[in-house]
Each structure stands twice: as C-alpha cells, then as structure tokens.
1. Kindly state, to the nearest 0.05, the FRET efficiency for Leu215 paired with Leu175, given R0 = 45 Å and r defined as their beta-carbon distance.
2. For Glu78 and Lys98, what does the FRET efficiency come to when R0 = 22 Å and r is the distance between their Cβ atoms, rounded to the nearest 0.05?
3. Scanning the chain for helices, which whole DSSP H stretches are 30 Å or more long along the axis (Cα) and average -0.5 or more by Kyte-Doolittle?
4. Return the Rg/Rh ratio of segment 68-225 with Cα-based radii and a Kirkwood Rh.
5. Order the peptides 185-193, 126-134 from the highest to the lowest mean number of other Cβ atoms within 10 Å of their residues.
6. Taking only Cα atoms and a 10 Å spring cutoff, compute GNM fluctuations for the chain and point out the largest among Asn170, Asn198, Asn157.
7. Quick one: of Lys86/Lys197; Lys38/Lys197; Lys2/Lys149; Lys86/Lys156; Lys2/Lys156, which pairs are farther than 29 Å apart, Cα to Cα?
8. So, in nm, how far is label Asn224 from label Ala33 when the simple model puts each one 7 Å beyond its Cα toward the Cβ?
Amino acid sequence: MKLLIDDAHIELIKHIYEFYPVDGVTTNPTILANSGRKPYDVLHEIRAFIGTEAQLHVQAVAGEAALMVKEAQRIVKELGANTYVKIPAVPEGFKAMKELAELGIPFTATAVYTPMQAYLAGKCGAAYAAPYVNRIDNMGYDGIHTAKKIHDIFRKNEIKTEVLAASFKNSQQVLELCEYGVGASTAAPDIIDGLVKNQAITSAVAAFVEDFQRLTGEGKDMTNC
Ligand code: E4P
C-alpha cells in the first residue's frame, strides 16, 4: 500500500518525509485554502521538495467537464510527471474523466462515497478512486467496509484502478486497509505519526538506552563506548 500525506503545509510534509517512507502528497481545495497561499505557489513548493518521482494529487474545481479538462491540462503542465488530477465522481466529472483518459492525463476520482461512483470512475480509466472513510462513517455507513468493497469490485472486474483511501480519523483505519491490500491511503501528518505512537514502544526503547548507559556511562553509544 502506498502511503501519502494529505496536507499542504510544507513544514509538516518535511517532518513526515524526514522520518517515514512516504510516496507523495495529496491536496484538495480545502487543504490549499488552509495554507492561505496562492495554490500554484504552494504546489510548486511541494513538488520541488518531494521531487518528480513522488505522486502529487491536485483537485480540479470547475463544475463543467470542459473546464475540468482545461484545469487538468494546466495542473500537469505546471507540476509535471507523477501529477494526478483529482476529479469529483459526479456526472460532469465522469465526462471529464473519459476525455482525460483519451488525453493520457492521469486522474484520481475523488469525493467517492459509494462503490458505484468508484466502479464508474474505474471504467473511465481512473488511476485511483478515493473513498472518504471518515465522512462515510459520519453518514452512518461503514467507510472501511466501503473502501474494501471498492477494492474487491476493481479486482473482480479486472479494472486496473486502485483505491486511494482518504479522510481518516485514526491510524488503526489506515492499518486495516493496509492489511487488506488496498493500493494507497492518504492521511494527515498526525495520523501518520500515530502509526507508531505507542507508549509501550517508547518505554521499551528508553529501557534499552538506560541499561546500556548503566553499563557504559552517560552519553555512551556503540560509537564511543
Ligand atoms: C482526499 O481525497 C480528500 O480530499 C480528503 O482526504 C478529505 O479528508 P477530510 O474528510 O478529512 O476533509
């Protein structure tokens, strides 16, 4: 499972990249708005930091297919290889997706709340479909189950599209989808940090250091003992 950062704050992205093996960054209009900066300024900064090998997902905001396609062309022109244009899985979005597939522009179906949206996006040639786990839960349905179901629909119908699960409220949800083998998950920096935030782990590591320095002296490690 690929793991992406769902945030546009460069300092938080740098923090996650420093410690963890992540595969790129996803954004949406709300995330960009939270940065308080011009969209392409933020996106160029992110691309420059993560490099051209990493994925960058950027959402189109137009309501009509023709304009979504124009947005997509500008987005990939500005941000280069490994940029995925997020297209909402609504009727105008599907229309845009079909055209993007013909143009060879990679896209991610977003705002996915139902397996049927994902199935249609898959048939349009989406690289990814992004079910919103937490938002589905908040509607009284089961977001994790929906993401798994979408994964199964793709595999059973031999559709190449992968799940890019999004909108997580906790790290356990990410782990559960990793265990199921979905293609990718994108999570906020605190959720990624939470994957290994555990008092038992911290205590175990601290005890090893304490025991070693009881033997060798304070500040000692395997380079200077
Ligand atoms: C990803 O495609 C979504 O834009 C994002 O993960 C939504 O997350 P939220 O429900 O936490 O806003």
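Here, each number is a calculation from the coordinates, and none is a lab measurement. Please read all numbers here as calculations on a predicted model, not as lab measurements. Cβ sites come from the backbone with ideal geometry, for glycine too, and all protein chains shown count toward neighbours.
1. Values: r = 36 Å, r/R0 = 0.80.
FRET efficiency, Leu215 to Leu175: 0.80.
2. Working: r = 23 Å, r/R0 = 1.05.
Using R0 = 22 Å, I get an efficiency of 0.45.
3. Helices meeting the criterion: none.
4. Working: Rg = 21.4 Å, Rh = 17.9 Å.
Taking Rg over the Kirkwood Rh, I get 1.20.
5. Details: 185-193: 21.9, 126-134: 26.6.
Per-residue Cβ counts within 10 Å, averaged per peptide and sorted highest first, yield 126-134, 185-193.
6. Asn198
7. Details: Lys86/Lys197 31 Å; Lys38/Lys197 34 Å; Lys2/Lys149 18 Å; Lys86/Lys156 24 Å; Lys2/Lys156 21 Å.
Flagged as over cut-off: Lys86/Lys197; Lys38/Lys197.
8. 5.2
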